[in-house]
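Scroll down for the structure; my scribbles are underneath it.
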Amino acid sequence: MLVFSLFWKQPAMANESTISAEDKDSDVIFPQTQLYPHYTANPLRPTFSLQNMNFSKTEITDASLRRYNLKVGGHLGIYRNQPEKTNRGWQVTFGAGFLGHFDLASAQDNVGWDGSLALSLEMRNSEAFAHRFGIHHISSHIGDELIERTGITRINYTREEIRYGLMWFMSPHWKSYIEIGKAYHIGNKIVQKQWRRELGFQYENKKYWMPKLGWYMGADFSSYEENDWDINTSLQLGIISTVNKRNYRLGFEFYEGRSSLGEFFQYKEKYIGFGFWVDI
């Protein structure tokens, strides 16, 4: 599929992933858009969001079934080279994020938090396909209050990997993607393993009801060698509004799989959440 996507050229089609006219110079410093879009339903992606999570299952000791999920972060385009009047080209993008769970039943104590950094080379060689090559770092931590209450200790979950992603723009509104990652450094060599894989699809119609209001949905499926390739499922559905090239989302999320906090990757969780996301 990779070889096919690198050489197949699809006729131009008008779609919502089209790069805006002001970003179509041959060389752009700090472009405001991405050649390789976000994975909408990925629960780990850097973004700004606040979410109320209601768990029907958690294996984390002394963590309640009601939490807030706070995310802070996003992506910054560094440099883009792009032929004029096309969607094609390449771009260097930096990403960073914070993800934390706060326990509503324990005075909003922090259950744990993860920090991430990424540097990517995004390439789009046709209207149909985009590629991402990059490195990704994640470091996970346990909340001090949870440590005091339970005596739990860190397993030193750190993961630094190289990754490759392929996105297929199937239609003006539909996208699908696959991604594979291999860790070149892990913090705990006893319980952690190298390989990760991910796939998903997403739909966005940003002008369904009015010029700046539509709806979206997404599904993301991931699995890790360190969890014996068990499937983690994340689904999102909601409304979307785009203002000044920034997406604002209000919607529901369902998740079942390993904890989204790296320190607790050996524990299973299941929740339904309602939240607000700002894609940067």
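Please treat every number below as a calculation from the coordinates, not as lab data. Everything numeric in this text was worked out from a predicted model, so none of it was measured. Here the Cβ is made from the backbone with ideal geometry for all residues, glycine too, and neighbour counts use every protein chain on show.
Observations
- Spin-label model distance (nm) - residue 137 vs residue 254, 7 Å beyond Cα toward Cβ: 3.7 nm
- Members of 206/245; 175/212; 71/182 lying beyond 18 Å, as alpha-carbon distances in this model show: 175/212; 71/182
- Within the chain, longest stretch free of exposed GluC sites (Glu not before Pro) [DSSP loop, at most 13 other beta carbons within 10 Å]: 85-280
- For residue 213, distant residues with modelled amide H under 5 Å away: 208
- Value at 222 nm in deg cm²/dmol, rounded to 500, when DSSP H runs of n ≥ 4 in the chain each add -39,500 (n - 2.57): -1000 deg cm²/dmol
- For residue 33, no residue whose modelled amide H falls within less than 5 Å of its own remains once neighbours fewer than 5 places apart on the same chain are excluded.
- Positive-end residue, segment 2-279 charge dipole about Cα centroid, Cβ charges, pick of 278, 68, 194: 278
- Taking other C-beta atoms within 10 angstrom as a stand-in for reagent exposure, 191, 111, 72, 243 fall in the order 243, 191, 72, 111, fewest first.
- Close amide H partners of residue 280, meaning residues 5 or more places away or on another chain with modelled amide H under 5 Å apart, are 48, 75.
- Rounded to the nearest Hz, the phi-derived 3J(HN,Hα) couplings of segment 257-268 under the Karplus curve 6.51 cos²θ - 1.76 cosθ + 1.60 (θ = phi - 60°) are x, 5, 4, 6, 8, x, 4, 10, 4, 7, 9, 8, where x marks glycine and proline.
- Restricting segment 198-231 to trypsin sites (Lys or Arg not before Pro) in coil, as DSSP defines it, with at most 16 other Cβ within 10 Å: 212
- 3J(HN,Hα) from dihedral phi, segment 34-43, Karplus parametrisation 6.51/-1.76/1.60, rounded to Hz, x for glycine, proline: 10, 7, 10, x, 5, 8, 4, 8, 5, x
- Of the chymotrypsin sites (Phe, Trp or Tyr not before Pro) found in segment 192-280, those in coil by DSSP whose Cβ has at most 14 other Cβ atoms within 10 Å are 229.
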